[in-house]
Amino acid sequence: MPYDKTRDNYRDQSASFAAQGKLCVAVTPSDAAALTVYAKALRVYVPASVAGGVATVRVTPLAAVNDSDTVTLSFVPGIAIEPLAVRQVWATGTTAGIEIHAYTV
């Protein structure tokens, strides 16, 4: 799926992540659909029971040229804030049983 400026609430703002998030929505990873509203950052909760002690989240960064330009992020158990703007969170390559939220505003 190509970049869609109507889903990017930050298209007219600087690339700063210093401002706090004002809205957070649950993310269901999908291989078929991009996020309804692109994420400014992700909040990831990995339970201590995750197999192997490390979870992964596969994403397409906001400025990626195409969908094959994905990044697989790794997270240890606990809560992490990933300050990467993303347009898709993939089911394939994302560990099951973790919670992902998108900061969208």
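The values are calculated or read from the model by the stated rules, or taken from the named source; none is laboratory data. Treat the numbers as computed from the prediction; the structure is a model and nothing was measured. A quick note on method: Cβ atoms are made from the backbone with ideal geometry, for glycine too, and the neighbour counts reach across all protein chains shown.
Data overview
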quantity	calculated
Strands (runs of 3 or more DSSP E) contained entirely in the range 1-86, each with at least 3 residues that are in contact (Cβ under 8 Å) with a residue 24 or more places away in the chain	24-26, 41-46, 55-61, 78-82
Matching option when the condition is under 21 Å from Met1 (Cα atoms), in contact with a Pro (Cβ under 6 Å, 6 or more places away or on another chain) and buried (at least 17 other Cβ atoms within 10 Å of the Cβ), among Thr104, Thr60, Thr94	Thr94
Selection from the range 46-62 of residues that are out of contact with any Lys or Arg (no Cβ under 9 Å at 6 or more places or on another chain) and not basic (Lys, Arg)	Val46, Pro47, Ala48, Ser49, Val50, Ala51, Gly52, Gly53, Val54, Ala55, Thr56, Val57
Residue list for the range 63-85, restricted to those being surrounded by 20 or more Cβ atoms within 10 Å (Cβ to Cβ) and either among the polar types (S, T, N, Q) or out of contact with any Phe, Trp or Tyr (no Cβ under 7 Å at 6 or more places or on another chain) (or both)	Phe75
Per-region count, the range 57-105, residues more than 20 Å from Cys24 (Cα to Cα) and hydroxyl-bearing (Ser, Thr, Tyr)	6
Meets criteria (crowded, with 17+ Cβ neighbours inside 10 Å and among the small types (Gly, Ala, Ser)) for Ala39	yes
Hey, Thr92 of a type in the set (Val, Ile, Thr) and without any contact (Cβ under 8 Å) to a residue 12 or more places away in the chain or not	no
Among (1) surrounded by 10 or more Cβ atoms within 10 Å (Cβ to Cβ); (2) in contact with a Lys or Arg (Cβ under 6 Å, 6 or more places away or on another chain); (3) modelled with pLDDT of 75 or more - the single one Arg7 does not satisfy	(2)
Residue satisfying condition, being over 13 Å from the mean Cα position of the chain (by Cα), more than 22 Å from Tyr3 (Cα to Cα), of a type outside the set (D, E, K, R) and exposed (fewer than 13 other Cβ atoms within 10 Å of the Cβ), within set Val54, Val50, Val46	Val54
Qualifying residue in the range 78-87 (condition: in contact with a helix residue (DSSP H, G or I) (Cβ under 9 Å, 6 or more places away or on another chain) and among the charged types (D, E, K, R))	yes
Of all residues in the range 87-105 being closer than 16 Å to Tyr10 by Cα and either of a type in the set (A, V, I, L, M) or in a loop (DSSP other than H, G, I, E, B) (or both), the one that is nearest to the chain's Cα centre (by Cα)	Ala102
